[in-house]
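Throughout, read-outs are computed from the coordinates displayed, never taken from laboratory work. On a predicted model such as this, the values are computed, not experimentally measured, just so you know. Here the Cβ positions follow ideal geometry from the backbone for every residue, glycine too, while neighbour counts run over all protein chains shown.
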Amino acid sequence: MLPLIPGIKKITAFVLVVTISFAFFNAGCGVYRFNDVSIPDSIRSIRINFIENRAPYVNPQLSASLTDRVKQKIINQTKLTSTNNENAHWVLDGSITDYSVSTSGISNKESVMNRLTVSVNIVLNKTLSNDKEEFLITRSFEFNANSSLQAAEGRLLDEMVRTLTDDIFNRLFSNW
């Protein structure tokens, strides 16, 4: 039996409360569960084609920035090797299909917030199995209605590219 140490009950109770709280908050509803990157061992190479901008309004920096960031993330965080060869195990194609602005907030009958919505269609061709996965990623970005679209684009470009890249990566490799 352990000798009684003053305050041991308080410490034990504190540890127990913290442990139970941690378990409770991590149990959650499972919506935000992160999975490991899952790629079959037979897949070793990927060709990432330029993500074209086919939206009615074109941000001239978005396609190149998004393509580069997606390529960097896949190469840095998976075992896949980037290639330009026709015989890549996977081929990633994409296009920006929507780039539009709408009003998202009105006060005293005036627009106070705008929403820039960006949609990217992604097609993953799995050449070894002749399978194809296609999905649409859509994200919205809020900005002050007093700002011009060009000013908002300058401030939001990095956030747009980072967020869209994360969404594409998670959908490809984590089944999000």
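Say each of Asp166 and Ser129 gets a label point 7 Å from the Cα, pointing the same way as Cα to Cβ; how far apart are those two points in nm? Here the answer is 2.8 nm between the modelled labels. When all alpha carbon pairs of region 39-173 are counted in 5 Å bins from zero, the resulting P(r) reads 2, 10, 19, 21, 16, 11, 8, 6, 4, 2, 1, 0 %. Net charge dipole, region 66-176: roughly 200 debye, given to the nearest 20, about the Cα centre with Cβ charges of +1 for Lys and Arg and -1 for Asp and Glu. Region 125-176 and region 70-104 have their alpha-carbon centroids 10 Å apart. Each of Leu128, Thr117, Gln72 was placed along the dipole of region 51-158 (beta-carbon charges, centred on the mean Cα), and the one lying farthest toward the positive end is Gln72.
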